[in-house]
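What follows is one structure encoded as structure tokens, with my remarks underneath.
The values are calculated or read from the model by the stated rules, or taken from the named source; none is laboratory data. All values derive from a computational prediction rather than experimental measurement. Cβ atoms come from the backbone with ideal geometry, glycine included; neighbour counts cover every protein chain shown. Side chains included, ligands, DNA and RNA excluded: accessible areas come from the protein's heavy atoms. Shrake-Rupley method; radii C 1.70, N 1.55, O 1.52, S 1.80 Å.
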Protein chains: 2
Amino acid sequence: MRLSRKSEYALLALVDLSRQYGKEPAKIMDVSIRNDIPKKYLEQIFLQLKGAGYVRSFRGANGGYSLAKPPEEITLAQIIRLIDGPLASVGSASLYYFEHTPIEKNKKLLQVFKEIRDEVSEKLESMSLSDFVD
Amino acid sequence: MRLSRKSEYALLALVDLSRQYGKEPAKIMDVSIRNDIPKKYLEQIFLQLKGAGYVRSFRGANGGYSLAKPPEEITLAQIIRLIDGPLASVGSASLYYFEHTPIEKNKKLLQVFKEIRDEVSEKLESMSLSDFVD
DNA sequence: TTTTAAGTCTATAAACAATATAGACATGAG
DNA sequence: CTCATGTCTATATTGTTTATAGACTTAAAA
């Protein structure tokens, strides 16, 4: 489970939105500056998060983005799965994104990576955005 | 820690060599066929493993590859670090391959990925090739 | 009603990594 | 000598990542 830079940006941006949950929407430009994320890239990330229902947008002047749900209800696992796909180290150890890979030939080897997937999933599913607002 | 196909091949090939540790060296061709690994790709993988001291080679007719150490002394972590690099999900949570990444801006977030790295490292460092010989 | 500050959408560029494939060469057993 | 093996380096192919660009739409406020 290697995290892309895009996932890192997405998590930072969502934690930023969490800080003003219930208040005014945040502008892309402001989130971009506060977290040092390239603005045009952040636009794409927010669009993707919006498509998946994690944020809502408001157009026009005074527009911006807000979380679509309380920070407690958005987990790290959900965001990383959305942006990067499988949490498992190998496709054949993945539940949500299973695919055949060579390592299946050795069942004990495969089992190790399934156990790692279980530990990682459990941890990332147990942590929500609310855990990262200072 | 996403495993590349190359790492999967390397692990399968090394377990194969483990099965005949102490016996005749194994030919690339045979390892290739037994594990369904492209032969020319496997050549490169063995060269890399040899460079790192995990296998020894014998040239000429009756040549081939053998483990350079007992299977108990080669861990999954060593091989994966050699082929794929960091075990950590983000560069800034890596000990062996540290680099700055955006997620450092949120220390609690970074801490989660350090904890995951610790769990994963511990597991992969505790498992050696001998654990996978049937 | 016009202006302007916002989000939307789609294309594409640049760099890099993953996954091989190719072929000329070196070595050593028989 | 021959031939089965490993060695070395180059290159091809494809996909992914990380953006950047620009024309378009929307809505608040003057």
Of the conditions (1) of a type in the set (Gly, Ala, Ser); (2) on the phi > 0 side of the Ramachandran plot; (3) open to solvent by 90 Å² or more (accessible area, probe 1.4 Å), the single one that A:Gly53 does not satisfy is (3)
Checking A:Leu82, A:Leu11, A:Leu95 in turn, the sole residue that is under 24 Å from B:Pro86 (Cα atoms) and within 14 Å of another protein chain (Cβ to nearest Cβ) turns out to be A:Leu11
Those residues of the stretch A:76-101 which are crowded, with 21+ Cβ neighbours inside 10 Å, in contact with a Lys or Arg (Cβ under 9 Å, 6 or more places away or on another chain) and not in a loop (DSSP other than H, G, I, E, B) amount to A:Leu76, A:Ala93
Of A:Pro25, A:Pro86, A:Pro102, the only residue that is modelled with pLDDT of 95 or more, under 22 Å from B:Glu8 (Cα atoms) and within 12 Å of DNA strand D (Cβ to nearest atom) is A:Pro86
Filtering the stretch A:98-127 for residues that are of a type in the set (S, T, N, Q) and facing another protein chain (nearest Cβ under 7 Å) leaves a count of 2
When every residue in the stretch A:40-63 that is part of a helix (DSSP H, G or I) and more than 8 Å from DNA strand C (Cβ to nearest atom) is compared, the one nearest to the chain's Cα centre (by Cα) is A:Leu49
Exercise. Regarding B:Ser4, is this residue closer than 30 Å to A:Leu14 by Cβ and surrounded by fewer than 16 Cβ atoms within 10 Å (Cβ to Cβ)?
Worked result: yes
All-but-one check, A:Phe46 against (1) within 14 Å of DNA strand D (Cβ to nearest atom); (2) among the hydrophobic types (A, V, I, L, M, F, W, C); (3) touching a strand residue (DSSP E or B) at 6+ places or on another chain (Cβ under 9 Å); (4) open to solvent by 10 Å² or more (accessible area, probe 1.4 Å), failing number (4)
Flagged in the stretch A:14-39 as within 20 Å of B:Lys107 (Cα to Cα), assigned to a loop (DSSP other than H, G, I, E, B) and within 13 Å of DNA strand C (Cβ to nearest atom), in numbering order, are A:Gln20, A:Ile37
Given (1) touching a residue at least 40 places away in the same chain (Cβ under 8 Å); (2) outside the structural domain of A:Leu17 (by TED's automatic domain parsing), A:Glu99 misses just (1)
